[in-house]
Amino acid sequence: MSANGSPTGQQPTATYDSAFLKACRREPVPHTPVWFMRQAGRSLPEYHKVREGVPMLESCTRPELVAEITLQPVRRHHVDAAIYYSDIVVPLKAIGVDLDIKPGVGPVVANPIRTRADLAQLRDLTPEDVSYVTEAVGLLTAELGATPLIGFAGAPFTLASYLIEGGPSRTYENAKAMMYGDPELWADLLDRLADITAAFLKVQIEAGASAVQLFDSWAGALAPADYRRSVLPASAKVFDAVAGYGVPRIHFGVGTGELLGLMGEAGADVVGVDYRVPLDEAARRVGPGKALQGNLDPAVLFAGKEAVETKAREVLDAAAGLEGHVFNLGHGVMPSTDPDALTRLVEYVHTQSAR
């Protein structure tokens, strides 16, 4: 039996017939499934309570805490999938890269990668490096039952950008300088990151994750030709590495309207769409054979119930002709979002889309 429970002569797992996995496989669903990027965390008071006094990266290494935080939005909002609570830099920290997540800033890397010698920081990731992930996923799948767990990782380009810049950037000047000026070093860096990312996803799938999402949060900074030449091969390597497990593979980036077709081409089964491109237009850009995920503007959740329902209806209408649709926000839940607005939104989508 493959990791998501697709039948190979045995009984499927509990999650196989879930609305979420059916939508990812472009099969008929009882209702449009819903989950939210960043649903586990900052908008929930119960999250702040359990995280009190625990640094971000430390919280990602405590299996019981990871499980509790991952489960909180499932209990509260009745979403159709859980997303594993972690951070895209966790696998880098696990292999010994000197970095930390600074509150109000984000990941900060002590020794940015600028030369070939700096690549020595990036050794292979082993399951033993992230044994807490295996333990946490085991706790979660036991608790979630028929609700699928989505594993996740940062894509090679976004990880490379953090490593080269040394932290968050608006211009990516150092990353792009390497990409344009030293394409061989750039390719070797992304190839190494692809191996680390694939290993991290494999740990999650083998422990019981039913799907995986690759976040290329910063890919929208690239022109299509640069993405195809300098980024797509590494992302494709990640997707190829986990293809044999049979779990749906989701690909998401921000500001990637011009890249949607290429992101699907990289090997995704489901292409995540941010809020800038309507889903019917996104489907035209991606082409047939892929499900889509998205794409309500997260800022709409501050506008009141009527406005949220109007905009959610627009998303559902734009998705009406799609082969498969997973309802999500067009980016992550904002920290000051009213949790009740999310709960109401899940109920609204479920009710409106019931078949």
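The values are calculated or read from the model by the stated rules, or taken from the named source; none is laboratory data. Everything numeric in this text was worked out from a predicted model, so none of it was measured. The area values use the complete protein model at the heavy-atom level, side chains included, leaving out ligands, DNA and RNA. Shrake-Rupley method; radii C 1.70, N 1.55, O 1.52, S 1.80 Å.
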Checklist outcome for this item: Computed over segment 67-194, protein heavy atoms only, probe 1.4 angstrom, the accessible area per residue in square angstrom equals 40
Checklist entry - In terms of Cα to Cα distance under 21 Å, which lysines are near enough to LYS202, apart from those fewer than 8 places away along the same chain? => result LYS93, LYS237
Next on the checklist: Could you work out the percent of alpha carbon pairs in segment 255-355 separated by over 23 Å, rounded to a whole number?
Outcome noted: 24
Item to check | Where Rh is the Kirkwood radius over Cα pairs, Rg/Rh for segment 20-64 | outcome: 1.19
Checklist entry - In what order, largest first, do TYR275, TYR180 sit by accessible area if the probe radius is 1.4 Å? => result TYR180, TYR275
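Computing the accessible area with a 1.4 Å probe over protein heavy atoms, can you report the carbon and sulfur percentage for the chain? Please list the in-between numbers first.
Values: 7070 of 14060 Å².
Here it works out to 50 percent.
Can you give me the orientation-averaged projected area of the convex hull built on the Cα atoms of the chain, in nm²? Could you put the intermediate results ahead of the total?
Values: hull surface 64.9 nm².
One quarter of the hull surface, i.e. the mean projection, equals 16.2 nm².
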Next on the checklist: If you average the C-alpha positions of segment 328-348 and of segment 208-254 separately, how far apart do those two centres end up, in angstrom?
Outcome noted: 25
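What do you get for Rg/Rh over segment 301-345 if you use C-alpha atoms and the Kirkwood form of Rh? Each step should come with its number before you reach the end.
On the way: Rg = 11.4 Å, Rh = 11.6 Å.
Radius of gyration over Kirkwood radius for segment 301-345 works out to 0.99.
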Checklist outcome for this item: Relative to the chain, whose Cα atoms define the longest principal axis, helix 156-165 and its Cα axis are tilted in degrees, nearest 10, by 50
Item to check | Solvent accessible area, Å² - THR256, 1.4 Å probe, full protein context | outcome: 0
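Please tell me the relative contact order of the chain in percent, rounded to the nearest whole number, where contacts are Cα pairs under 8 Å and at least six residues apart.
With pairs under 8 Å counted, the relative contact order is 21 percent.
Leaving ligands, DNA and RNA out of it, rank LYS49, LYS102, LYS22 by accessible area with a 1.4 Å probe, largest first. Intermediate results must be reported in sequence, preceding the final value.
On the way: LYS49 155, LYS102 105, LYS22 45 Å².
Largest to smallest exposure gives the sequence LYS49, LYS102, LYS22.
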